[in-house]
Amino acid sequence: MIVDKIQNLKNYVALHPQFSKVVEFLEANDLSKMEPGKHDIGVEGGFVNIQTPKGKTSKEAVLEIHRKMIDIQIPLTEEETFGYTPTEDLPEPDFNEQKDIAFFPGIESQSYVTCKMGMFVIFFPQDGHAPCISAKNQFKKAICKIPV
């Protein structure tokens, strides 16, 4: 997991060959003005998903993992807190290969990190994460999905 300010995302392009295209897309587009839904970002097999989820408490948020995709999550209208537990500390999941996701309801996150406006968090396959923790009833966020 990586947490940083959005202007520093360019410092992480060496970690994955497609991260540079994400940086280019973010520099050329105002995510806060994009309509909810999936949008092409010029990355083969990748996209940005603009969402307006309901805020959850830390008890309501459910840990999830992905095996084939990296998430770059960016809060757009409100700060967002994420639960975190390393995948290796989670039980063997009932993994949905088609949707590239497994959920772990009833397991509390080991730690939490809050992304303020202007920040991002990157979750790799080894990072179990519980998104959408917010006091706001609804907020807008972007999730850039990048194939591993």
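The values are calculated or read from the model by the stated rules, or taken from the named source; none is laboratory data. As the structure is a prediction and not an experimental result, all values here were calculated from the model. Methodologically, a virtual Cβ is constructed for each residue, glycine included, from the backbone with ideal geometry; neighbour enumeration extends over all protein chains shown. For the accessible areas, the whole protein counts, side chains as well, though only heavy atoms, and no ligand, DNA or RNA atoms are used. Shrake-Rupley method; radii C 1.70, N 1.55, O 1.52, S 1.80 Å.
Accessible surface for LYS116 stands near 110 Å², nearest 10, in the context of the full protein assembly shown (1.4 Å probe). Phi angles across region 102-108 convert, under the Karplus curve 6.51 cos²θ - 1.76 cosθ + 1.60 with θ = phi - 60°, into 3J(HN,Hα) values of 9, 10, 10, x, x, 9, 7 Hz, Gly and Pro given as x. For region 77-148, the relative contact order works out to 51 percent when only alpha carbon pairs closer than 8 Å and six or more residues apart are counted. Stretching the chain fully between GLU35 and ASN137 yields a gain of 34.8 nm (0.36 nm per residue, less the alpha carbon separation).
Judged by the ratio a/c of the largest to the smallest principal axis of the C-alpha gyration tensor, region 10-148 counts as oblate, that ratio being 1.5 or greater while a/b is no larger than b/c. DSSP beta bridges fully contained in the chain are about 95 percent antiparallel. Evaluate the relative contact order of region 1-53 (contact order divided by residue number), counting alpha-carbon pairs under 8 angstrom at least 6 apart; express in whole percent. Rounded, it is 25 percent for region 1-53.
If only the Cβ of Lys and Arg carry +1 and only the Cβ of Asp and Glu carry -1, the dipole of the chain around its Cα centre is close to 440 debye. When ILE2, ILE122 are compared by accessible area of protein heavy atoms, the largest-first order is ILE2, ILE122, using a 1.4 Å probe. Using the Karplus relation 6.51 cos²θ - 1.76 cosθ + 1.60 with θ = phi - 60°, the per-residue 3J(HN,Hα) values for region 87-100 come to 4, 5, 8, 9, x, 4, x, 8, 8, 8, 4, 5, 9, 6 Hz, with x marking Gly and Pro. Residues HIS16, HIS39 ordered from highest to lowest accessible area at a 1.4 Å probe: HIS39, HIS16. With contacts taken as Cα pairs under 8 Å and at least 6 residues apart, the chain reaches a relative contact order of 38 percent. By the helix-only formula, in which each DSSP H run with n ≥ 4 contributes -39500 (n - 2.57) and the sum is divided by residues, the chain has a 222 nm mean residue ellipticity of -2000 deg cm²/dmol. Between THR77 and LYS140, the built amide H atoms are under 5 Å apart, and every one of these is 5 or more places off in sequence or on another chain.
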